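See structure below.
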Amino acid sequence: MRILHKQLQMSRIMIAGALAGLAACGSGSRPATPGSFSAIVARPVQPAGIGVASVTVTPASLVGGAATEITVNLNGTAPGGGVAVELKNSDASLIATPTVVNIPSGQSSATVAASTSRVSANSKVAITAVYGNTVAGTSLGLTSSHQVSAATPEFTVAIQPSTVTIAPGHSASAKVTTTVTNGYDHALDLTVSVPADVSVHFNPKVIPAPGAGVSTATIKVPTTGVSGTHAIHVTASDGTLSAKATLTLKVPGPDPEATFQGCRYKSNGNSYQGVTISVANAGTYPFDAVLYYGTTCDPNKWADEFGFDTPLAFGPFDWIFWFNAFPNQSDMSALWYVGGDRSQCVNYEVVPDC
C-alpha cells in the first residue's frame, strides 16, 4: 500500500511517504492482507522530535461486528505532559475509533479499543494517526458474517445510487430501501451523519412496521466550504437494533492540477516503486494508489493498494510516495490519484530515481 517521506528542497518541502502493501495476487484469488503506511515531514535544519512511528491493529482482520485494538507507537518516549495523537479512519460506518489517543509521559505507545460494524461484503478501512509533522497508519480487513440464525428476525438498509455528485449550492436525491426477513415486524427510524452544513431530509423519516419500505433522501450542499469526497452514513433503527449504509457524496472543488513523475525510491539498500506528486492548487484532496504486476497497469494483475480516497493536504510542497511491499522489483506498474487527477501508467522498468 502507500507510503510517504519528506525533504526540504529549495523553497519546497519534500514529503516522502512509504506505503506498506497488501500481499495479494492480481487476480484476487487470494485474500488481501491489510497493509500500513507512514509519513514524516523532515526538516533537516531542526532537531528531530517525537512523532508517530507506526499504527497496528490486533487482530488486523476480523468478522464485522467484532472488536479490535489499535496501538499507536511513537519513535521515542512521550515528554512531560504526554502527547495527544489524532486518530482518523476512512469510514466511520465501519469502525468507531476515538478521535484522540493519549500517550502518557515516559511511554512510547498506547492502545485503545475500537468496535466495528457488520458488513455484507469483505471491506477494508484505513486507520491513520497524526501528531505534529508525522503521520502513520494501517488498514483493517472486515469480513462478512453468516453466523446469524436463519430464524432470527432482522432487517437491512441500502442506498441507491451509492455515490452522488452535487455542485455547491445544489441538491440531489437518493433512494433508501429497507428490507426485512424472518418475520421481522417493527417500524424503523432513519437518521443520518453528514458533514458540517450539508443537510439531508428523509421522506418519510419513519418506515412503518413491518419495516420494509422506501424513503427518498434529499441531500443539499451549501455554496462554500465542503468541496471534496464525504461519507454520509444512514442508520435505520428500531430503538434496539440498527443497520447502516453509506452514501459517498462528491462535491466538485478546485482541480488540484496534479503532476506525477514516476521514480524509484531508494532506502536502506532497497529500491521501491514511487512517485513524486506536485499540485498547482493547494488544498486537501482524496489520495489513492494502485500497484500492478507487470508494466501495463493491467487491472487483472492487481498487486497492492492504499489510500482509499483518504484526504491528504497538498500544498507548496511535493510528495514522494512509495510502495514498500515489493522491494527491488522493476517488473511492476502503478496508477496514482489525487482528487480527480490520475497519473499515466508508471512503468517501473524505465523510471529514474526519485
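Key figures
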item: Reachable lysines from K124, criterion Cα separation under 23 angstrom, eight or more residues apart if same chain; result: K88, K244, K250, K301
item: Local electrostatic count, I166, Cβ distance below 15 Å [Lys/Arg +1, Asp/Glu -1]; result: +1
item: Inter-part distance where the stretch 299-323 and the stretch 186-227 are each reduced to a Cα centre, Å; result: 32
item: Candidate aspartates and glutamates for bridging to K205, where Cα separation is under 18 Å - those fewer than 8 sequence places away on the same chain excluded; result: D185, D189, D238
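Readers should treat all values here as calculations from the given coordinates under stated rules, not as data from a laboratory. No experiment lies behind these values; they were computed from the predicted model shown. Note: ideal-geometry Cβ built from the backbone for every residue, glycine included; neighbour counts use all protein chains shown.
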